[in-house]
Amino acid sequence: MHLKEVIINDSAEYEMDQFLTSGDKNIIIIPSTNEAYVSNILTALFLEVQNYDIQVFGMSNWHKFQSIDLEYLHLMGMNYFTSFYVDYTKKSVTDFIRKFRKVFKTEPYRVSPRGYNLSMYGFDLMYNFTTLVRNYRKDFTRCPVNPDYKPMLGPYLFRKAGENGGYMNQFSIMIEYDKDFEIKQL
């Protein structure tokens, strides 16, 4: 395995094939949320996808970029890490949406920059922690995850964020855009 670090600024002219290797998988990591910058690099990589084995790791907000064709993400097998993923095939998710629409006469609110659904996230957290408080009282912090609840956006892995801090979710999953134009949780 060979590792190359290539730093591309947004004003440089470049031919992407000078950075790619034939016969090996080229794993490209682009840790940017700048739409113009990402769009330029993905377009240049897309022109080489027929000649090289390319897999891109990026950021969770790329699918919202107006200037990037989702086909690019799928054909380059784009992956990203996230703590939240709404799987609309899960029964708990479809049941929640149906009940939410019935009660509130609107769609659950979705937050664009982070990609998670605040209504589902709020329900998951409240259900998890109120059940823990009910079952464990003052000792609920010893079990910061409710073993009986299957969250819609989780799973969650809460860890203490410092001696005087609260708890933070440390769980992360990888999402993949595959060549069959499906988005999968890995």
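The values are calculated or read from the model by the stated rules, or taken from the named source; none is laboratory data. Values in this document were obtained by computation on a predicted structure and should not be read as measured data. When we count neighbours, we look across all protein chains shown, and the Cβ atoms used for this are built from the backbone with ideal geometry, even at glycine. Each accessible area value is taken on the protein alone, full model and side chains, heavy atoms only, with ligands, DNA and RNA left out. Shrake-Rupley method; radii C 1.70, N 1.55, O 1.52, S 1.80 Å.
On the beta carbon distance between Lys150 and Phe104, with R0 = 22 Å, the FRET formula returns roughly 0.45. Could you tell me the calculated FRET efficiency between Phe140 and Gln55, based on Cβ-Cβ distance and R0 = 35 angstrom, to the nearest 0.05? So, using R0 = 35 Å, E works out to roughly 0.25.
Taking a probe of 1.4 Å, how large is the accessible area per residue of the chain, in Å²? List each step's numbers first, then the result.
Numbers: 12210 Å² over 186 residues.
I get 66 Å² per residue for the chain.
Mind pulling the angle between the C-alpha long axis of helix 118-136 and the longest principal axis of the chain? Nearest 10 degrees, somewhere in 0 to 90. Approximately 40 degrees, to the nearest ten. Helix 35-46 and the longest principal axis of the C-alpha atoms of the chain enclose an angle of approximately 60°. Between Met168 and Asn40, what FRET efficiency comes out of the Förster formula 1/(1 + (r/R0)^6) with R0 = 45 Å and r the beta carbon distance, rounded to 0.05? Using R0 = 45 Å, I get an efficiency of 0.85.
Using C-alpha pairs under 8 Å with a sequence gap of at least 6, the mean separation divided by the residue count of the chain gives a relative contact order of 19 percent. Answer rounded, prolate or oblate for the range 43-144, using the Cα gyration tensor with square roots of eigenvalues a ≥ b ≥ c: rounded when a/c is under 1.5, else prolate when a/b is larger than b/c, else oblate. Because a/c hits 1.5 or more and a/b exceeds b/c, the range 43-144 counts as prolate.
Rounded, prolate or oblate: which fits the chain when a ≥ b ≥ c are the square roots of the eigenvalues of the alpha-carbon gyration tensor, with rounded for a/c under 1.5 and prolate only if a/b beats b/c? Display every interim value, and only then the final one.
Details: a/c = 2.65, a/b = 1.93, b/c = 1.37.
The shape class here is prolate.
Computed packing ranks the peptides 123-129, 83-89 as 123-129, 83-89, most packed first, by mean other Cβ atoms within 10 Å.
In the chain, the longest principal axis of the Cα atoms and the axis of helix 91-104 are about 70 degrees apart.
Considering only Asn9, Ser119, Tyr72, and ranking their Cα positions along the charge dipole of the chain that arises from unit charges at the beta-carbon of Lys, Arg, Asp and Glu, the one farthest toward the positive end is Ser119.
Cross-link reach is defined here as a Cα-Cα straight distance under 20 Å, omitting same-chain residues fewer than 8 places apart; for Lys179 the lysines meeting it are Lys25, Lys64.
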